[in-house]
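The values are calculated or read from the model by the stated rules, or taken from the named source; none is laboratory data. Predicted model only: the values in this text are computed from it and were never measured. All Cβ positions, even for glycine, are placed from backbone atoms using ideal geometry, and neighbour counts span all protein chains on display.
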Amino acid sequence: MLNDLLKVPHFIRIGASATTLVSLSLSLKERLLRMAVGWFYLSFYALCFLGLMCIILTICWMQLWHGGFAWDGTILMFNYHPVLMVVGLVVLYSAASLVYRLPRSWVGPKLPWKIGHAALHLLAFILTVLGMVAVFQFHHHSKVAKLYSLHSWLGIVTVFLFACQWFLGFAVFLLPWASVWLRSLLKPIHLFFGVIILSLSIASVISGINEKLFFSLNNATQPYSSLPSEAIFANSLGMLVVIFGLLVLYILLVSSWKRPEPGILTEGQPLLRDGE
């Protein structure tokens, strides 16, 4: 009889087991979340390092092998073109695309992150346009034919899509007129073309590096085929740009690093409203 009284009731044991399982489940989820955030920041800091190296190597290439920079219509003005395109069309564009992957953007109001996303894209677009101005001014000053190479075609298409993407995003996701239905319809298209533009940007930069090497080493004492120091340096820069682009695409495609959907009410609200 005493033993029966001392026994823990069956339903209490079940409740305790369920509580333990819930606690273990929550603990496991917390560990997995911390692990995912840790991997994200490891990838993010590696990406920052790669982006900085891409910019530094592009500047060094133009400075050490091509005489530096000057905004005067000469070849020194052209040297701004690769630097501005790498900074604007690759590094800053990627930074803008990754704003919503930052864990800090997952909580709290989305408004500051939307503004940051749009502002970074706008800065990237301005630098890209300046890069286009530099190359067109050089071609005009030097009486060189324009827009005949595959690189130039890729570049023009990329910049055109970038402009359309930014203005569409501004009109639909930044201004308050668009309906929930329209935002929901255009959001996947906006995301799709974001990845397409990034891929085209990488392709444009790689083809531009290759084209520049062919032109600069065409009549050189050491041809491209002999792999002189400039060719090794610029080829390494191109590989670095490719690795950078692949890492950006990887971060964008990892589903656990995406900003959680806040729901129809929050997501559908206009960005610019009275009191915000």
Requested in this report: Consider only pairs whose beta carbons are under 8 Å apart and that are at least six residues apart or on different chains; among these, list those whose first residue lies in region 70-86 and is touching a residue at least 60 places away in the same chain (Cβ under 8 Å) and surrounded by fewer than 21 Cβ atoms within 10 Å (Cβ to Cβ) and whose second residue is assigned to a helix (DSSP H, G or I) and of a type in the set (Gly, Ala, Ser).
Outcome: Trp71/Ala134; Gly73/Ser142; Thr74/Ser142; Ile75/Ser142; Met77/Ala134
Query raised in the report: Could you say whether any residue in region 41-58 is out of contact with any helix residue (DSSP H, G or I) (no Cβ under 9 Å at 6 or more places or on another chain), assigned to a helix (DSSP H, G or I), loosely packed, with under 14 Cβ neighbours inside 10 Å and modelled with pLDDT under 95?
Result: yes
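Rundown of residues vs (1) touching a Gly at 6+ places or on another chain (Cβ under 9 Å); (2) at pLDDT 95 or above; (3) at negative phi; (4) not hydroxyl-bearing (Ser, Thr, Tyr), yes/no style:
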{"site": "Asn218", "(1), (2), (3), (4)": "no, no, yes, yes"}
{"site": "Glu230", "(1), (2), (3), (4)": "no, yes, yes, yes"}
{"site": "Ala234", "(1), (2), (3), (4)": "no, yes, yes, yes"}
{"site": "Gly245", "(1), (2), (3), (4)": "no, yes, yes, yes"}
{"site": "Ser256", "(1), (2), (3), (4)": "no, no, yes, no"}
{"site": "Pro262", "(1), (2), (3), (4)": "no, no, yes, yes"}
{"site": "Glu267", "(1), (2), (3), (4)": "no, no, yes, yes"}
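Of Ser105, Ser184, Ser201, which residue is closer than 30 Å to Thr74 by Cα and either modelled with pLDDT under 90 or not in a loop (DSSP other than H, G, I, E, B) (or both)?
Details: Ser105 fails: closer than 30 Å to Thr74 by Cα; Ser184 fails: closer than 30 Å to Thr74 by Cα.
Among Ser105, Ser184, Ser201, only Ser201 is closer than 30 Å to Thr74 by Cα and either modelled with pLDDT under 90 or not in a loop (DSSP other than H, G, I, E, B) (or both).
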Requested in this report: Filter region 180-211 for residues that are farther than 30 Å from Lys146 by Cα, surrounded by fewer than 16 Cβ atoms within 10 Å (Cβ to Cβ) and either β-branched (Val, Ile, Thr) or in contact (Cβ under 8 Å) with a residue 24 or more places away in the chain (or both) and give the result.
Outcome: Val180, Ser184, Ile189, His190
Query raised in the report: Residues of region 82-134 being of a type in the set (Gly, Ala, Ser) and on the phi < 0 side of the Ramachandran plot, which ones?
Result: Gly88, Ser94, Ala95, Ala96, Ser97, Ser105, Gly116, Ala118, Ala119, Ala124, Gly131, Ala134
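Out of all the residues in region 59-75, which are in a helix (DSSP H, G or I) and under 17 Å from Gln137 (Cα atoms)? Please lay out each step first, then the result.
So the first thing to find is which residues in region 59-75 are in a helix (DSSP H, G or I), and the list is 59-66, 75.
Correct list: Ile75 only.
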